[in-house]
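What follows is a single structure, written as structure tokens, with notes after it.
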Amino acid sequence: CPVGESLTYRSQKEVENGKTRVHFEGRLLQCRHCPKKHRCMQNPTSADHRKGSGRQVSFTIENKRQPNYTDWMKHRVDSPQGKAIYSHRMSVVEPVFGNIGTTKRLNRFSLRSKKKVQGQWQLYCLVHNIEKLVNYGQLAA
């Protein structure tokens, strides 16, 4: 703020190519009686009524960090080939969770501790895979 008042952080959005847009806003009461509001606000009359807003400032920050594995994977998934492959997820991965959750009724684990839950999950996966072998094993041979 030109007068020296503090602005509060509102939000942060990634806009393009690793650039981040950060939004700040001044309090309405700070701007209402400010002598410089005509110089720094696009619509200074908005500070005069209750439903208005204070000064809003946003700027872009360029991230100078090196690309990491998450960025690499985003790039792969967003490519045309990645979109074609990822579109098959509904027919490959999701039915497994649907079968285990709905047919086998595993909507909650009945055990506690990571080790026991992992064992219960592996048991359900084993049953699912055995069921696939029984139903579709003839097709593979």
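The values are calculated or read from the model by the stated rules, or taken from the named source; none is laboratory data. Since this is a predicted model, take the numbers as computed values, not measurements. Methodologically, a virtual Cβ is constructed for each residue, glycine included, from the backbone with ideal geometry; neighbour enumeration extends over all protein chains shown. We work out accessible area using only protein heavy atoms, side chains counted, and drop any ligands, DNA or RNA first. Shrake-Rupley method; radii C 1.70, N 1.55, O 1.52, S 1.80 Å.
Mind listing just one residue for me: the one in the stretch 11-20 that is assigned to a strand (DSSP E or B) and free of Cβ contacts under 8 Å to residues at least 24 places away in the same chain and, of those, surrounded by the fewest Cβ atoms within 10 Å (Cβ to Cβ)?
Glu16
Could you pull out the residue among Val134, Val93, Val117 that is more than 30 Å from Lys19 (Cα to Cα) and modelled with pLDDT under 85?
Result: Val93 is the single residue among Val134, Val93, Val117 that is more than 30 Å from Lys19 (Cα to Cα) and modelled with pLDDT under 85.
Name the helices (runs of 4 or more DSSP H) wholly within the stretch 64-125 that hold at least 3 residues that are open to solvent by 80 Å² or more (accessible area, probe 1.4 Å)?
Filter on the stretch 64-125 gives 69-78, 80-86, 89-92.
Going through the stretch 126-139 one residue at a time, which ones are open to solvent by 100 Å² or more (accessible area, probe 1.4 Å) and farther than 20 Å from Gly98 by Cβ?
Listed by number, the residues that qualify are Gln138, Leu139.
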